[in-house]
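Undergrad: Next up is a structure, given as structure tokens.
The values are calculated or read from the model by the stated rules, or taken from the named source; none is laboratory data. In this text, all values refer to a predicted model and were calculated from it rather than measured experimentally. Ideal geometry is used to build each Cβ from the backbone, glycine not excepted, and the neighbour counts take in all protein chains shown. Side chains included, ligands, DNA and RNA excluded: accessible areas come from the protein's heavy atoms. Shrake-Rupley method; radii C 1.70, N 1.55, O 1.52, S 1.80 Å.
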Amino acid sequence: MRALVVRKEGDEKPIAGVEEISIDDLPAGEVTVAVEYSTVNYKDGLCIGPGGGLVRNYPHVPGIDFAGTVEASDDDRYKPGDKVVLTGWRVGEAHWGGYAEKARVKADWLVPLPAGFSTEQAMAVGTAGFTAMLAVMALEDHGIKDGPVLVTGASGGVGSVAVALLAALGHEVAAVTGRPDNADYLHALGATQIVAREDINETTKRPLEAETWGGCVDAVGGDMLARALGQMKYGASVAAVGLAGGAALPATVIPFLLRGVNLLGIDSVMQPYENRVRAWERIAKDLPMDKLEAMIQPATLDDLPDLGKSILKGGVRGRVVVDVNKVS
Ligand code: NDP
């Protein structure tokens, strides 16, 4: 079978390329899946290239999510022919992932293909969309205040789905982007306002600014998150999803003390089965399919070495959906 394999010798840099490997090479697991689609997420960029401490053993097959058809199963919950989706559980990091024609995983890590989705649509959502849904659900649990909801890293995978979801739920959405040429794309997803990255990202010594945002989905971290915290309305919440702009948080405690701001951490990796099913049900109900289609950038296994580099530089728009069985 074909797979994107990352190899690393000693202190050399990892090298990624498409190879023919044997199904017998797959790691142990109860369910073997014929993979149809996978995607390119920020973490995949790390795992295809420098590793970022995520890859434990080489050779490695990345791909942190996939959708496909069960081929063999030692678990009563799944039988050959069932359509399934996987996100999380460190698949594609610590366990071989979706960048191969087949994957072998624990049954506990899978979710049946959500009703109403094709395997391609499920991967257009993928880890990024699943995480965006978790972030929106966390904001809802804490109450979204009046006023626009800020989405940072808006043209990326998490950001694009968050914009479309929040708009479909009836919220005004302010999309922060460093790429002004993506304004039409973001408006089409439902953004009512485009905010230039440099406007929000500029450093200020003021811990509090005008109360502006009714909530925030932050995919960027760093200065952007620190600045957003000081601009939240009283009692509003920020769902912190990612660190595309850096892991440091140069903030003060003032927004928490004087404005009752909530900082909610979102982790898509270790979500229990019930939460996964609940989030997928909400995605099926609330995410407009035409908006999802507009986010798809198709790719093949052969494109992955270049796409891995591109996503780490913030150069990918929307969701890159990889047709694992297509040869470029
Ligand atoms: P993408 O690369 O698709 O999107 C990130 C976006 O952030 C870019 O498109 C860009 O948007 C913006 N951006 C990139 N670099 C910078 C920078 N230096 N400063 C400011 N903005 C920047 O990644 P994903 O959407 O897949 O993931 C986003 C983050 O969320 C990553 O850190 C990822 O690891 C994390 N993540 C976390 C999950 C969890 O479970 N917590 C699950 C999934 C992802 P624009 O050009 O519009 O500004």
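Undergrad: Using the Kirkwood formula over every pair of different C-alpha atoms, what hydrodynamic radius in Å results for the chain?
TA: 20.0 Å
Undergrad: P(r) for region 126-265, please, calculated from all Cα pair distances in 5 Å bins and given in %.
TA: Distribution as computed: 2, 12, 24, 26, 22, 11, 3, 0 percent.
Undergrad: Where the centroid of each part is defined by its Cα atoms, how far is region 72-129 from region 1-50 in Å?
TA: 15 Å
Undergrad: Still on this model: Have a look at region 17-85 and give its Rg and Dmax from the Cα atoms, expressed in angstrom.
TA: 13.6, 38
Undergrad: Report in % the part of the accessible area of region 220-328 that belongs to carbon and sulfur, leaving out ligands and nucleic acids; probe 1.4 Å.
TA: 56 percent
Undergrad: Keeping all protein chains in place, calculate the accessible area per residue for the chain (probe 1.4 angstrom), answer in Å².
TA: Averaged over the residues of the chain, the accessible area is 42 Å².
Undergrad: Give the long-range amide H neighbours of D82: residues separated by 5 or more places, or on another chain, with amide H under 5 Å away, using H modelled in the peptide plane at 1.01 Å from N.
TA: V70
Undergrad: Grab the beta carbon distance between N275 and Y234, set R0 = 35 Å, and tell me the FRET efficiency rounded to 0.05.
TA: 0.75
Undergrad: While we're looking at this one, here's another question. If you look for lysine pairs in region 73-212 that are eight or more places apart or on different chains, how many of them have Cα atoms under 28 Å apart?
TA: Close lysine pairs under the 28 Å cut-off: 5.
Undergrad: Compute log10 of I(q)/I(0) for region 64-123 with the Debye formula, placing one identical point scatterer on every Cα and leaving out solvent, at q = 0.16, 0.22, 0.30 Å⁻¹, to two decimals.
TA: The Debye formula, applied to the Cα set alone, gives -0.45, -0.87, -1.46.
Undergrad: Summarise the accessible area of region 3-47 (1.4 Å probe, protein heavy atoms) by the percent that is carbon and sulfur.
TA: Of the solvent-accessible surface of region 3-47, carbon and sulfur hold 49 percent.
Undergrad: Something else: Work out, step by step, the length gained on full extension between I296 and I23: first 0.36 nm times the residue separation, then minus their alpha carbon distance; give nm to one decimal.
TA: 95.3 nm
Undergrad: Over all directions, the average projected area of the alpha-carbon convex hull for region 39-159 comes to how many nm²?
TA: Reported value for the Cα convex hull: 9.4 nm².
Undergrad: Which of the aspartates and glutamates could be linked to K313 by a straight reach, that is with a Cα gap under 14 Å, when you skip same-chain ones fewer than 8 residues away?
TA: Result set, ordered by chain and number: D44.
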